[in-house]
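J.: Dropping a structure here in structure tokens format, bear with me for questions.
The values are calculated or read from the model by the stated rules, or taken from the named source; none is laboratory data. What you see is a predicted model; the values in this text were computed from it and never measured. Please note: Cβ atoms are built from the backbone with ideal geometry, for glycine as well, and neighbour counts cover all protein chains shown. Surface areas here come from the heavy atoms of the whole protein model, side chains and all, with no ligands, DNA or RNA. Shrake-Rupley method; radii C 1.70, N 1.55, O 1.52, S 1.80 Å.
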Amino acid sequence: MHHVPYTREPVRRRSLEVLTLSALIATLVLACSPTGRNAGDESSSGAPLASFDQGTTEGLPGLVVQFTDTSSGLVTSHQWDFGAAGTSSARNPSVAFPDVGTYSVRLTVSGPDGTSSVQKDQLIGVYPPVVADFTCDESIGFAPLIVTCTDASLNADSWFWDFGDGTTSTDRNPTHVFDSDVDSVIELVASNPGSSASHSVPIEVGVLEVSADPMTGPAPLEVTFTADAKGLAVNLYAWSLDGQNLFGGPTLTYTFRKNGAYNVTLAAASFSPPLAGAAQIDVVVGYGPASADFHPSSAGGAGPLAVQLIDDSSGTVEKWEWSFGDGMSCVFPPPPPAQEGEPDPPDACDSSSPMHVYQAVGSYRVTLTVTGPGPDVGSAPVTSTISKPDQVRVYIQDPSFELQSVGAPISGGWEPLRPATPTEDAEHLALSAARGSDTGFPSDGQKWAVLDGLGTDGSTPVTSVENGIRQEFIYPPGRPVLEFDYALLYSEPPAGPSTDATVATVSDGSTTVAIPSSWADVKTPYAGVSRRYPTRDNSVVRATPRRTASINLAQTFPASTDLTRFTLTVRTGNGQNDRRSPRTYVDDVRFAEPVAALPVDFSVETDPLIAGEIATFVDESCPDPTMGCLVPSSWRWDFGTHGAVSPPPATGSAEQNPTYVFEEPGTYEVMLVGRLADAEGLSTRTVEVFQGPSATFEIVTAGPHVAPVDVEFRDLSTSDPGDAIASWSWDFGGWGSSSAQNPPAVTFPQAGEFLVTLTITTDSGLTSSTDMLIAVE
């Protein structure tokens, strides 16, 4: 065997030769391979030039885009940069863009002859999905219905509205007017470059129309109006004629009595669904023969009563002649002045519907005569007369004395009464709150009347004494209860025998009846001392609380009617002498409906009641008016102290929930009288007023006291017999204590001044304390 020696050099040379051959083969293979050129372009050669196309540029998150390389030249590699979507070296990559945003794309191609890049900025747009939504301020109503819609869509930048009536809009928040009936939907298509969505709401539009039959004709013209709510249902109708309300349903019949052009408006509505609409129509009323008619602006009230007589005449009227039923009349237009030797013309009215003031109490017949042209040229004028009884009523004159002159004698509708042979002239005057008042007066307005008892001496009963005021009256229909407020001011002792009093009577001309609730005398509870009047002999003038008197006239005078003339008389009598004349306040005469019954009750809020301390009383006649109970209109309290030997400051009250101080202990009968119209309720309650406990003691051990010293103390405390002392509590100024009524002697071991205190407690829990300073030397 032949062995060849091993050497490294030949081996190295062969390796280089092999590598060189391999590289050459690879170069040839690469040059012949399609990957060394642009796809589909076998002739590509030279320096590369980058370019590309994309399948789409807009979409929602997760958008997948196919990119296609369109570069030229000899390209051996591709490098794509999609920003936040990543990179790729594929020639034609498919790329997903997951997030909302705008993406730029860059392609870099390389080949043997160089490198080329191309970038398309903000090429790919990824948009959030659109959510369409909106609201409209109206969704149902009558045309013309103005509807404003407000866009509430998400992620939209363009809008297309279809209103369902053939009209559209591209405004974001459009306002649209529906002029005809529509039963459809309003639709919105909201979009952005990546997507679109739609939303719709229903819309109902109706048309409200009014027809008139007939629409024209001569006066008086009866017209029937008919409402037609097309497309929508309504159940409420309100008609108006030139601003005057005429209530009706879907149809209304109205008679036009005067010529002219009239505008009739209908307002129609529904609660469910809530909607409202209006429509109007014109009616032309031609001329017709004059026909008289009228109505008063007010049927009744207190005199002087101003009433407008409103002309309702139809046809052509050239002259109005009014007779007011009280002896007064007038003519419109104003007649020409009388020529010399001619009688004075009638008074002139200020218009065809004149204002007239009725002074006296009564019921008045009003007559109107109208005159107009005849139907033909040259024919006689047409005259029409209408006379209506009981058109205006004056029930009473100046019922609250507001028309009186302050400080002057009562006058006007009120007649002052004085005895035929007075012992001294009395004055019945009007007073004003501006100068001070007593016991809640005035009760209406700013003035009231005061009646003086001078001129009477007790020889004539107060019910018939001619001293006071009176007036005739009638009562309003349905309100037969006569009411008024009053108070008595007197100087006689409350427990004395004097008969100073006030009382009112009502007469129908044949029968006179005293009003029980109007009686007040010196035995009546009083609210305090008068601040308005001094006395002649320096005695105290006591004033009763404000009281209410009432009487049911229909019940008291069964044969009467609301046109019966009654006379109210309020009298004041001086029962003993001329030095202490009583006075009576009167105010607010009024009328009310009857009340069947009035339950009255009260409670005492303070417990126990202690002499000299404030007690609170509470009216419980109607704790909750919402439950249908009746609340009194006036309250009259009597605390049962009127007959005390030493008259207290007050014995009664007109407050609803008064407070009161019982000066002395004892048992008292408290009474509450509540009034409402003709109903009166009474409640009484016995209350026990205790004497409050009084702590006191004495030092039994005589002084001087030299320390150390034993000192004895003795209890001298008192309490009400019905509320005995239950316990004693002694404090000896730091030298001990005791609960005994009369404690054992107390030792004071050193000199000084020491405060000794005793506190007592009664069975009811009342307490009283006292202290005394003891000096020890």
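J.: Can you tell me which condition Ile203 does not meet? The list is (1) over 16 Å from Thr265 (Cα atoms); (2) surrounded by fewer than 17 Cβ atoms within 10 Å (Cβ to Cβ), and all the others hold.
T.: For Ile203, the exception is condition (2).
J.: If you don't mind, another one. Looking for something open to solvent by 60 Å² or more (accessible area, probe 1.4 Å), in contact with a Gly (Cβ under 6 Å, 6 or more places away or on another chain) and of a type in the set (Lys, Arg) - is there at least one such residue anywhere in the range 169-183?
T.: no
J.: In the set Leu154, Leu145, which member is in contact (Cβ under 8 Å) with a residue 24 or more places away in the chain, open to solvent by 70 Å² or more (accessible area, probe 1.4 Å) and at negative phi?
T.: Testing whether each residue is in contact (Cβ under 8 Å) with a residue 24 or more places away in the chain, open to solvent by 70 Å² or more (accessible area, probe 1.4 Å) and at negative phi leaves just Leu154.
J.: Sticking with this one: Please indicate, with yes or no, whether at least one residue in the range 271-288 is hydroxyl-bearing (Ser, Thr, Tyr) and assigned to a strand (DSSP E or B).
T.: No: zero hits.
J.: Looking only at the range 306-330, which residues are of a type in the set (Val, Ile, Thr) and touching a Phe, Trp or Tyr at 6+ places or on another chain (Cβ under 7 Å)?
T.: Val307, Ile310, Thr316
J.: Looking only at the range 362-379, count how many residues are without any contact (Cβ under 8 Å) to a residue 60 or more places away in the chain, open to solvent by 80 Å² or more (accessible area, probe 1.4 Å) and over 17 Å from Gly300 (Cα atoms).
T.: Qualifying residue count for the region: 3.
J.: Looking at Val689 and the list (1) β-branched (Val, Ile, Thr); (2) modelled with pLDDT of 95 or more; (3) in contact with a Leu (Cβ under 7 Å, 6 or more places away or on another chain); (4) buried (at least 16 other Cβ atoms within 10 Å of the Cβ), which single condition is not satisfied?
T.: Answer for Val689: the failing condition is (2).
J.: Working only within the range 230-253, note down all residues that are at pLDDT below 90, closer than 19 Å to Thr216 by Cβ and either open to solvent by 50 Å² or more (accessible area, probe 1.4 Å) or part of a loop (DSSP other than H, G, I, E, B) (or both).
T.: Asp242
J.: Identify all residues within the range 285-316 that are open to solvent by 10 Å² or more (accessible area, probe 1.4 Å), more than 20 Å from Lys388 (Cα to Cα) and in contact with a Gly (Cβ under 8 Å, 6 or more places away or on another chain); write none if there are none.
T.: Correct list: Gly286, Tyr287, Gly288, Pro289, Thr316.
J.: What are the residues in the range 545-580 that are touching a strand residue (DSSP E or B) at 6+ places or on another chain (Cβ under 6 Å) and assigned to a loop (DSSP other than H, G, I, E, B), if any?
T.: Of everything in the range 545-580, those that are touching a strand residue (DSSP E or B) at 6+ places or on another chain (Cβ under 6 Å) and assigned to a loop (DSSP other than H, G, I, E, B) turn out to be Pro545, Arg546, Leu563, Arg565.
J.: Which ones in the range 492-523 are modelled with pLDDT of 90 or more, assigned to a loop (DSSP other than H, G, I, E, B) and open to solvent by less than 10 Å² (accessible area, probe 1.4 Å)?
T.: Result: Ile515, single match.
J.: Just a yes or no: is a residue in the range 569-582 over 27 Å from Pro493 (Cβ atoms), open to solvent by less than 20 Å² (accessible area, probe 1.4 Å) and either touching a Lys or Arg at 6+ places or on another chain (Cβ under 9 Å) or free of Cβ contacts under 8 Å to residues at least 60 places away in the same chain (or both)?
T.: Yes - at least one qualifying residue is present in the range 569-582.
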